[in-house]
Amino acid sequence: MRQFGWLLMLILTACTSAQISQTLGDLNKSVGGNQPLTTAEVAEGLKEALIKGISTGSDQASQLDGYFKNPQIRIPFPPDVKRVEDRLRQIGMGSEVDRFILTLNRGAEDAAKEAKPIFIAAIRQMTIQDAWGILRGDQNAATAYLKRTTSTQLYEKFQPVIANSLNKVNATKYYGDLVGAYNKIPMVEKVNPDLNDYATNKAMEGLFLLIETEEKKIRENPAERTTDLLKRVFGSVK
């Protein structure tokens with residue numbers, strides 16, 4: 001692992017083509033073998049690592065209770081209308097609120113099944129220079145890159161998926177019923193927040209968090225590098 005840390009320090013200094021070539025040569029000397037790594041292979045290794053993280057994260061999120069029973073990504077009642085939840089519980093509608101929160105997370109779990117190809121398509125567009133920048137970056141550099149370059153596009157594609165999923169599990173209906181009941185209470189300020197926007201952003205945040213966790217595992221733990229290319233690129237040497 002000390003040797004791996006040395007290799008990463010070399011990679012962190014690479015920024016020009018000449019430096020990349022030098023670092024690649026040092027990496028090949030350490031990894032050894034008859035087939036030296038190329039810059040294209042390094043880029044593919046980074047893409048493979050990201051796809052692995054996305055696949056694992058998406059699969060975790062899309063399982064039953066993938067969101068609901070994971071405290072790190074569980075989607076709560078929209079915080080900007082927390083007073084709605086509190087007031088409804090006060091008047092004996094706590095079970096209805098709980099049912100909505102469950103269906104909200106069920107919608108995210110269902111939508112997560114459709115997230116994987118959207119993320120993967122974005123990763124495959126990554127350039128060699130992007131990949132080297134990620135290797136030079138922090139432990140969450142790949143996730144940060146993905147979040148920075150794809151969030152707008154992902155939101156546009158993911159929002160209708162979330163909307164469909166929320167409708168499928170009746171979360172939209174339950175939320176409309178709750179807000180309607182609240183708005184009928186005398187002397188309260190009426191609310192009508194955008195549930196789909198809230199659920200889309202929270203579902204994406206949860207997926208990015210899971211992907212970041214998987215990226216860290218691949219960087220730190222050789223056992224997580226499950227293909228030959230990942231092992232070679234990340235220098236799984238003792």
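General observations
- Checking Val81 against (1) modelled with pLDDT under 75; (2) closer than 30 Å to Lys184 by Cα; (3) of a type outside the set (Phe, Trp, Tyr), the condition it does not meet: (1)
- Within the range 179-192, being touching a residue at least 40 places away in the same chain (Cβ under 8 Å) and surrounded by fewer than 13 Cβ atoms within 10 Å (Cβ to Cβ) holds for one residue alone: Val188.
- In the range 123-132, residue modelled with the highest pLDDT [restricted to those that are part of a helix (DSSP H, G or I) and surrounded by 19 or more Cβ atoms within 10 Å (Cβ to Cβ)]: Ile123
Per-residue answers, yes or no, for (1) part of a helix (DSSP H, G or I); (2) surrounded by 15 or more Cβ atoms within 10 Å (Cβ to Cβ); (3) in contact (Cβ under 8 Å) with a residue 40 or more places away in the chain:
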| residue | (1), (2), (3) |
| --- | --- |
| Glu48 | yes, yes, yes |
| Asp65 | no, no, yes |
| Pro71 | no, no, no |
| Glu85 | yes, yes, no |
| Leu104 | yes, yes, yes |
| Ala111 | yes, yes, yes |
| Ala121 | yes, no, no |
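- From the list Leu154, Leu135, the lone residue that is buried (at least 18 other Cβ atoms within 10 Å of the Cβ) and either touching a Cys at 6+ places or on another chain (Cβ under 8 Å) or farther than 24 Å from Asp65 by Cβ (or both) is Leu135.
- Single condition Gly176 does not satisfy, out of (1) in a helix (DSSP H, G or I); (2) within 30 Å of Arg99 (Cα to Cα); (3) of a type outside the set (D, E, K, R); (4) touching a residue at least 24 places away in the same chain (Cβ under 8 Å): (4)
The values are calculated or read from the model by the stated rules, or taken from the named source; none is laboratory data. Source: prediction; values computed, not measured. Counting neighbours? That spans all protein chains shown, and the Cβs are built from the backbone with ideal geometry, glycine included.
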